[in-house]
Structures are given as C-alpha cells and as structure tokens.
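Each value in this text was obtained by applying a stated rule to the coordinates, not by laboratory testing. A quick note: this is a predicted structure, and the numbers were derived from the prediction, not measured. Cβ placement follows ideal geometry from the backbone for every residue including glycine, while neighbour counts extend to all protein chains displayed.
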Amino acid sequence: MRTQPPPMQFLPAFEAAARLASFKLAAEELNVTPSAVSQQIKGLEQLLGHALFVRYPRAVELTRVGLRYYELASEVMQRYREGHRAISNDLRTPTLRISAMTLVAYDVLIPALPRFNITNPDIDLRIETSELPVELGTERDDIAVRVGPGHWPGVTAHKLCDLSITVVDDGADPHQAPLRPGNTEQLSQLTLIHSRTHMNDWAEAARAMGVDLSKNPQLYFNDSFSAIAAAEAGSGVALGLLPIIQKRIDAGNLRALLPRPFPIDMGIWLVYPPALEEHPGLGPARQWLEETMGGMSTTPQ
C-alpha cells in the first residue's frame, strides 16, 4: 500500500458500499449508477494496491484490508456529515455570540433574553461573560457589551446608555444616614470594596465627593459582580453603576448611600468589528440591546 493516501473523492462510494454491503444500494443512496460505484471502488483498489471487497454474484464482502479501511472511511465520513449538518444549521439559524461583563449579563441581558428569543426565533443568540478588554474577531465573541468611554480602535462602538455612580451597602443599618460630600468622618471607617484587583476604583469617586479615603480598609475583587455581591453580604461599601444595579436597589438588596448619584464620562456600549455589519443577527441584537438598556431607569436618589 502506498504511503500517500488516495484522493478523498473515492471515499463516499466505498464507505456507502461497505456500510450497505451492496454496490446497488450504495448507488441508490448516492444517486449514481452501480457501474459508477464499481468504477470508484476499482480506482481506489488500484491506488491502494489491495482488494477491498470479495465480489459474489449477488453480494460483496469486505476483505481484511477493506475492513480496516472502512473503519477509517467511516470515521471520516461521519465527521464530514456532522460538520456539514452543523454548518447547515448555522446557515438556517445564524449564531451570534455576545460577550458582556458578568454584572451586565446577569442583571440585564439574561433576564431580557426570553424576549429576544420570542421575537427572533431564527437567531441563536449566546451570552458569554468576560471582564477582558474588547478583543473581537475571534471564534468566541462576535459582539461585545462593554463599559467605557467608547474609544476602541478598529471596532464600531454604539452607545446604549450613559452611566452614573452611587455608593451602596446592604442596608442592614436602618439608622445609616445618607453620605454627605466632604464628610470624611462619616466615610473613614467604612471598608471600600474594589471591583478590580490591585486597582483603586475609589480614587475617582473620592475626588468627586471631595474626600480622602486613602486610609480606609480595602477589600479587592476581580470583577464588579463579586464586588456588588460582597456589598450585599455586608462586607463594606461598593461603587454601583446606575442604571445597571437599579433592580437590586429597588428589591432592597442594596441601599444607595449618596443623596444623588454623580455622572461619569463612561457608558455602556455595543462594540463589534465592521466586518460583522452584514451578519443577519446584528440588527435584531442591536435593537434588543437598545430597548433593553433604554428601558432601564434609575430611581432618584
């Protein structure tokens, strides 16, 4: 047997004939003539230098070499069929992956997903969580929902909503008065919960409130979802992005401590590579995100 494998064009006829133990049935399955199947198998046998079938008047039977070759051909054809089926399904039901930070995914997107699925049954929208910077164009993420100023090179950024910040705790102390800007004494004993390890998330907030929080106890997490969960558990105070966490405040899981939130120069953005503009799922996903984010409201603090 030669070391170079024969062209794969011979495999369908051989695999079908071996599986069905009949050149005639293989021809019917492949919609060709029995003679064409016979010629394909003869060509394969010549290239391999070994007979693959023992031919009887009304039947065929695999030889020892044919049996081993059938195991290989069967595996190849099975993977080909499954891959073709997956591609066909994707063409019929376009898949669109959306990457979002965990807090946005859990509090905003996942609760709204049933509405998208009802109105867009032919689009397979998949939500994946990530706290990483925008890195699109991979097999994992097609579009992203990110918090930031909206300036990312090489991608299209579409603002979904503006953001503001408040200070939140678990509300366990009913006598805790709202924080007053400039009241360092009131803030100095509170544990500050950070949403990014080794980064001072509170620096901008402290400047905005006109207080010095550099000596406060600190608690660090690597994402905003964990930071908010820690605040709900009574571990300290966290910076909450509005309107993302408004539902948690309305439900009583969190309490806003500032008399009013303060705006920041950031928003929630839909980000995607320009090449994705023609994706059939982008338009419906963008409309769904606009309606979802636009439907969020903040209760006056």
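Miscellaneous remarks
- DSSP beta bridges confined to segment 95-301 are antiparallel in about 60 percent of cases.
- For segment 229-297, the Cβ-based charge dipole about the Cα centre amounts to some 380 debye (Lys, Arg positive; Asp, Glu negative; other atoms uncharged).
- Cα-based reach from Lys24 at 26 Å (exclusive), listing lysines while leaving out same-chain residues under 8 positions away: Lys42
- Positive-end extreme of charge dipole, the chain - chosen from Gly267, Ser164, Pro153 (charges on Cβ): Pro153
- For Thr63, the amide hydrogen comes within under 5 Å of the amide hydrogens of Phe53, Val54, counting only partners 5 or more places away or on other chains and with H modelled in the peptide plane.
- Among Asn117, Ala17, Tyr220 - extreme Cα towards positive end, dipole of the chain, charges at beta-carbon: Ala17
- Using only side-chain charges placed at the Cβ, +1 for Lys and Arg and -1 for Asp and Glu, the dipole size of the chain relative to its Cα centre rounds to 1100 debye.
- Taken one residue at a time, the phi angles of segment 147-163 give Karplus couplings (6.51, -1.76, 1.60, θ = phi - 60°) of 9, x, x, x, 10, 10, x, x, 10, 8, 10, 10, 5, 9, 6, 7, 10 Hz. Gly and Pro are set to x.
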